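Structure record follows, encoded as structure tokens.
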Amino acid sequence: SELRRAVERAELRVYYQPIVEASCGEVLGFEALVRWEHPERGLISPIEFIPLAEESGTILEIGKWVVQEAAANIERGHRQLGLDSQVSVNISPVQLNDDTLLNEWMDTIGELSLPEKSLTMEITEGLLIKDSGKVKEWLLKFHRNNVEVSIDDFGTGFSSLSYLKSMPIDVIKIDRSFIRDIPSDEDDIAITTAIINMAHSLDIEV
């Protein structure tokens, strides 16, 4: 009940986490992360409220608002400051089941006339096999509207490598389980190196 009121009372905020080029430290873009600033409980982590939002269906309204907020900030930064920042927005599996949502997102993006490829939609690797036909339809429509596609949690074993060649994917994010013990774990180094080389050979960013 509080979460539903949070949407109505505009208690949600979008925080922007920088995406940094590892070799030189240059900021390449940002990931849009939704946070709930509760008037009594303070800042609530998405780990706590996103599962509730998905279960209740509130995620549809929240997700729509996050995309609109991120797109508006991209447009404002470009128009006022001449910035060509790229912003990545996470998509919930629940959102992919709403056929009208995709058209609403594309309408929002079209109305703002965003710079090409300034917005990236991010899905988890597990979604690639849950309903591959529908997911591919969404991803292709993103591409037709100059929106890039990013795959999160890559390497966790949920999907086949064949999806890398059959799906329109621009970026993969290697799962943290392979990253956190680098450089002390030689196996993690080997796996991560293999993923990077494979992705780059397919012209996919990592």
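The values are calculated or read from the model by the stated rules, or taken from the named source; none is laboratory data. From a predicted model like this one, the values you see are computed outputs, not experimental measurements. Here the Cβ positions follow ideal geometry from the backbone for every residue, glycine too, while neighbour counts run over all protein chains shown. Just so you know, the surface numbers come from the protein's heavy atoms only, side chains and all, with ligands and any DNA or RNA stripped out. Shrake-Rupley method; radii C 1.70, N 1.55, O 1.52, S 1.80 Å.
The table that follows gives values for the structure above.
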item	result
Rounded to the nearest 20 debye, dipole of the stretch 53-206 from Cβ charges on Lys, Arg, Asp, Glu	400
The chain, accessible surface, carbon-and-sulfur percent (1.4 angstrom probe)	49
Global geometry of the stretch 75-167, whether rounded, prolate or oblate, following the gyration tensor of its Cα atoms and the 1.5 cut on a/c	prolate
Cα gyration tensor shape of the chain, rounded if a/c is under 1.5, else prolate or oblate by comparing a/b with b/c	rounded
The stretch 1-160: relative contact order in percent, alpha carbon pairs under 8 Å with at least 6 residues between	18
Simple Cβ-charge dipole of the stretch 142-206, Lys/Arg +1 and Asp/Glu -1, about Cα centre, in debye nearest 20	320
Cα shape, the stretch 1-104, gyration tensor, a/c 1.5 rule	prolate
Residues of the chain: accessible area per residue with a 1.4 Å probe, Å²	56
Once exposed loop GluC sites (Glu not before Pro) are cut out (DSSP; at most 11 other Cβ, 10 Å), longest piece of the chain	117-206
At R0 = 45 Å, FRET efficiency that the Cβ-Cβ distance of residue 10 and residue 194 yields, to 0.05	0.50
Dipole of the stretch 131-206, positive end: most advanced residue of 155, 171, 196 [Cβ charges, Cα centre]	171
Cβ-derived FRET efficiency at R0 30 Å, residue 45 paired with residue 187, nearest 0.05	0.45
